[in-house]
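Student: What follows is a structure written as structure tokens; I'll ask about it next.
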Amino acid sequence: MSEPQSEPQTDEAHQHKEDRHFVTALARGLDVLACFRSFETRLGNAELAQRCGLPKSTVSRLTHTLTELGYLRPDPEQLKYQLGSSALALAPAAQRGVDVLAVVRPYMQELADLSQGVTSLIVRDRAQMLIYENCQSESYLTLRVAVGTRISGLTSAAGRAYLEALPAGEQRQALAAFRHQDGMDAASAEAIVARSRADVLRLGCTTSFGEWLPDINSIAAAFRPGPALPPMTLSCSGPTAILPATQLLEKVRPRLVERIREIESVLRAQDR
């Protein structure tokens, strides 16, 4: 079956088309690179096409160009690619994120073991939130969501915590992006922000009980990793069968809030 000659036009694509400063080819190339969430990841053109929502022929041209520039390295035997030396050269710019992860991971595991669920370090990725790292409990019933998964910025506790950590102007911009991605009207989005603000004032965290995924409960709190990085969030989640809302709020929430303060204290000390 032949590939489609034209790509479906999403609302976002129309928005970018109207922006004469937006370079679509560059954006597509960056989307391809963004699929590689680990230096060990190997992906083929078919997998990349599916993840990016692009025709395979377009992805083939992009991977060829990125390979020529050294951002991808081909694996001829598997017909797949992995990040190349040019991408590795960008890593020092992200070193602070690695340092943050080293500080945060022990707290994440403690919270995962306490909750018998999963604790995730989650950051913003354009109009969604991205799971940057996970720590799982040993429970076989716990939630399994892969690192690199993108989740809603409005229905997830992590997205709500991120919004509440932003200054007013940045919050408006992020809220507009999240709302556009989720197809949510302004009144509903503003109601979520108002409820999240009340949750933070009352509980010290945000909540999402069956709103992001049915039968999944989660709470989240944001922390500031330093002046060079935007807010990050820690989310504790699990199936309602093993992690009911009352357990999250009464047992896990106080520890989450306490650990967030400790993380910020450690990171501030490192910046001195």
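The values are calculated or read from the model by the stated rules, or taken from the named source; none is laboratory data. Keep in mind that what you see is a predicted model, and the values were worked out from it rather than measured. FYI the Cβ positions are ideal-geometry reconstructions off the backbone, even for glycines, and counts take in every protein chain you see.
Student: Residues in the range 96-139 that are closer than 12 Å to Thr233 by Cβ, in a strand (DSSP E or B) and in contact with a Leu (Cβ under 9 Å, 6 or more places away or on another chain): how many?
Tutor: Total meeting the criteria: 9.
Student: A further question follows. Tell me yes or no: at least one residue of the range 120-132 is out of contact with any strand residue (DSSP E or B) (no Cβ under 8 Å at 6 or more places or on another chain) and small (Gly, Ala, Ser).
Tutor: Start the filter on the range 120-132 by keeping residues that are out of contact with any strand residue (DSSP E or B) (no Cβ under 8 Å at 6 or more places or on another chain), which leaves 126-127.
In the following step, the residues that additionally are small (Gly, Ala, Ser) were identified as 127.
There is at least one residue in the range 120-132 that is out of contact with any strand residue (DSSP E or B) (no Cβ under 8 Å at 6 or more places or on another chain) and small (Gly, Ala, Ser).
Student: If you don't mind, there's one more thing I want to ask. So, Leu213, is that one within 19 Å of Val118 (Cβ to Cβ), modelled with pLDDT of 95 or more and aliphatic (A, V, I, L, M) or not? It would help to see each step written out before you state the result.
Tutor: Details: within 19 Å of Val118 (Cβ to Cβ): yes; modelled with pLDDT of 95 or more: no; aliphatic (A, V, I, L, M): yes.
Considered against the rule, which asks whether it is within 19 Å of Val118 (Cβ to Cβ), modelled with pLDDT of 95 or more and aliphatic (A, V, I, L, M), Leu213 comes out as no.
Student: If you don't mind, there's one more thing I want to ask. Within the group Gly117, Gly84, which residue is touching a Cys at 6+ places or on another chain (Cβ under 8 Å) and modelled with pLDDT under 95? Before you say what the answer is, go through the steps one by one.
Tutor: Values: Gly84 fails: touching a Cys at 6+ places or on another chain (Cβ under 8 Å).
None of the others qualify; the one that does is Gly117.
Student: Further, regarding this structure: Name the residue, out of Glu164, Glu258, Glu190, Glu264, that is touching an Asp or Glu at 6+ places or on another chain (Cβ under 9 Å) and either not polar (S, T, N, Q) or not assigned by TED's automatic domain parsing to the domain that holds Arg144 (or both).
Tutor: On the way: Glu258 fails: touching an Asp or Glu at 6+ places or on another chain (Cβ under 9 Å); Glu190 fails: touching an Asp or Glu at 6+ places or on another chain (Cβ under 9 Å); Glu264 fails: touching an Asp or Glu at 6+ places or on another chain (Cβ under 9 Å).
Answer to the selection: Glu164.
Student: Another question, if that's okay. From Ala158, Ala168, Ala146, Ala127, which residue is in contact (Cβ under 8 Å) with a residue 40 or more places away in the chain and out of contact with any helix residue (DSSP H, G or I) (no Cβ under 6 Å at 6 or more places or on another chain)? Spell out the reasoning first.
Tutor: Working: Ala168 fails: in contact (Cβ under 8 Å) with a residue 40 or more places away in the chain; Ala146 fails: in contact (Cβ under 8 Å) with a residue 40 or more places away in the chain; Ala127 fails: out of contact with any helix residue (DSSP H, G or I) (no Cβ under 6 Å at 6 or more places or on another chain).
None of the others qualify; the one that does is Ala158.
Student: Related question: Looking at the range 1-50 only, could you name the residues that are at pLDDT below 90 and basic (Lys, Arg)?
Tutor: Lys17, Arg20, Arg37, Arg42
Student: Quickly run through the range 219-238 and pick out the residues that are surrounded by 17 or more Cβ atoms within 10 Å (Cβ to Cβ) and either closer than 16 Å to Leu166 by Cβ or more than 15 Å from the chain's Cα centre (by Cα) (or both).
Tutor: Of the range 219-238, the ones surrounded by 17 or more Cβ atoms within 10 Å (Cβ to Cβ) are 219-223, 225, 231-238.
Within the range 219-238, Ile219, Ala220, Ala221, Ala222, Phe223, Pro225, Pro231, Met232, Thr233, Gly238 qualify.
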